[in-house]
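The numbers here are math on the coordinates, done by the rules we state, and not lab data. Quick caveat, the model's predicted, so the values are computed rather than measured. Here Cβ is always computed from backbone atoms with ideal geometry, including for glycine, and neighbour counts include all displayed protein chains.
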Amino acid sequence: MHGKDPRRKSIGKALFFGVSIVAIFTVIGTIVALIFGPGIANFLSTHWIPNVLFFLVFMFFAAWFFGMFEINLPNWMITRSDQQVDKGGWGGPFFMAFTTVLVSFSCTGPIVGTVLVQSAGGQVLQPIISMLGFGLAFALPFTLFAVFPTWLNSMPKSGGWLNSVKVVLGFIELALGLKFLSIADQTYHWGILDREIYLAFWIVIFTLMGFYLLGKIRFKHDSEVTHIGVPRLLLAIVTFTFVIYLIPGMIGAPLKALAGYLPPETTHDFDIREVIRENAASYPSSAKPLESVCEKPKYADRLKLPHGLTGYFDYDQALACARAQNKPVFVDFTGHGCVNCREMEARVWSDPRVIKRLRENFVLVALYVDDKVIKLPENEWVTSIFDGKVKKTLGKKNQDFQITRFGQNTQPQYTLLDTNGELLIPTRSYNLDIDAFIEFLDQGLAEYSSRSAQIPFKF
């Protein structure tokens with residue numbers, strides 16, 4: 001029994017060492033959650049200042065991974081933590097874990113920063129969960145090596161392969177960072193990062209990453225690549241396959257798998273599907289879709305509906321048209337920076353059955369809640385009954401309307417209203433089930449038909 005006690009005790013301390021690493025990262029996530037709570041969610045997710053700042057942070061991390069510079073924590077901090085390791089007891093494993101986190105900062109700093117930036121958009125649980133997951137992944141190998149120290153003998157020594165991992169992560173940082181600049185670009189209508197420009201950047205970035213994996217590009221800390229292994233070759237194949245998948249997007253391919261990460265298709269300068277739709281509309285046809293607008297929509301010079309659909313961007317204008325055409329209103333609470341909205345449009349709205357129903361049986365209105373640029377005339381300002389503030393921009397007015405009328409502030413939110421603005425059926429939010437969305441539309445149409453006792457609609 002006595003011979004087993006030291007081994008059992010060492011395993012216990014090794015496990016405590018791993019738990020301490022997880023706890024340290026989770027505490028970091030908790031601090032971020034407390035600082036960036038839900039109160040500033042809209043500011044962080046849509047305002048140009050945090051988004052441009054996050055973009056620059058990602059570029060900084062990418063340069064860090066590429067080896068442009070190295071940043072290490074002060075030696076005194078690491079030394080003071082290391083001095084606590086030898087004090088014994090349970091404090092030793094904890095400070096060893098703390099020292100491990102500090103020493104690894106030059107490698108983990110960009111990764112941790114990326115995780116926190118992506119998860120700190122006003123969320124409370126997401127930063128904590130993200131850092132808990134990262135801490136578990138980071139602590140697992142250290143814990144296993146502490147429990148089974150002989151495994152270290154079979155580990156490959158750090159060197160060129162580790163730097164290659166950092167460089168690949170640098171390319172990924174470049175690609176992900178563009179998303180934040182894109183959000184600011186869309187929200188403020190700068191027009192500098194339209195869909196094809198964004199795709200061009202991604203095509204170049206991942207092409208260079210593929211050549212790097214094949215050893216055709218080297219950075220200053222890289223070892224010479226005399227041959228490539230199977231894992232590296234497979235990763236290069238995946239990378240070039242991804243590039244080939246992106247290329248048709250330059251002429252308007254929907255790229256549904258990336259819908260939430262790319263600018264909307266309406267920002268594309270040359271969309272071959274739009275050209276086909278416009279040419280088809282110029283010829284008379286019995287199959288030509290019914291006209292769904294009564295007058296020129298306000299703000300149509302800056303806002304668009306997907307898939308060639310026509311509609312409004314002002315609620316009152318849409319309701320007036322619905323009364324004139326005796327149709328229900330389909331209200332889409334959306335946003336320029338709404339990832340889930342783009343996914344719904346690409347994966348659900350694109351279904352021909354959905355498009356047919358939206359085009360023929362509803363008056364559509366897209367209410368952007370995060371637009372920062374479009375100013376309202378003074379006679380359209382509203383004083384919120386929610387916070388008492390005067391809403392002077394289209395985005396703030398739409399956001400206040402969603403909160404006060406429907407008690408929600410998440411996008412997308414889809415509501416079906418009659419010509420009096422009354423709710424037909426319960427609202428619907430993000431859900432990629434196409435059949436369920438069609439059922440939602442059909443139920444709304446059936447309820448509207450029963451209320452108005454008019455001729456049935458086309459299902």
Quick one: grab Rg to one decimal and Dmax as a whole number for segment 292-452, Cα atoms only, in Å. 14.9, 43
Listed peptides 307-318, 415-426 by packing density, highest first (mean Cβ within 10 Å): 307-318, 415-426
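How far, in nm, would the chain grow between Asp435 and Lys256 when pulled straight, counting 0.36 nm per residue and subtracting the alpha carbon separation?
Length difference between fully extended and current span is 62.7 nm.
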For the pair Leu233 and Thr393, how long in nm is the line joining their label points, each one 7 Å along Cα→Cβ? 5.4
Quarter of the Cα convex hull surface for segment 395-447, i.e. its orientation-mean projected area (nm²): 4.0
What spacing in nm lies between the two simple spin-label points modelled at Thr310 and Asn409, each 7 Å away from Cα in the Cβ direction? 3.7
Let a ≥ b ≥ c be the square roots of the eigenvalues of the Cα gyration tensor of segment 322-362; is it rounded (a/c under 1.5), or, if not, prolate (a/b larger than b/c) or oblate? oblate
Taking the Cβ of Asn420 as the centre, find all other residues whose Cβ is under 12 Å away and add up their charges (Lys, Arg: +1; Asp, Glu: -1). 0
Proximal charge balance of Ile205 [Cβ under 13 Å; K/R count +1, D/E count -1]: 0
Evaluate the distance, in nm, between pseudo-label points positioned 7 Å from the Cα of Val204 and of Ser450 along their respective Cα→Cβ axes. 5.8
Among all lysine pairs in segment 292-452 that are eight or more places apart or on different chains, how many have alpha carbons less than 14 angstrom apart? 11
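Set the Förster radius R0 to 51 Å, insert the Cβ-Cβ distance between Lys220 and Arg302 as r into 1/(1 + (r/R0)^6), and round the FRET efficiency to 0.05.
After rounding, the FRET efficiency stands at 0.65.
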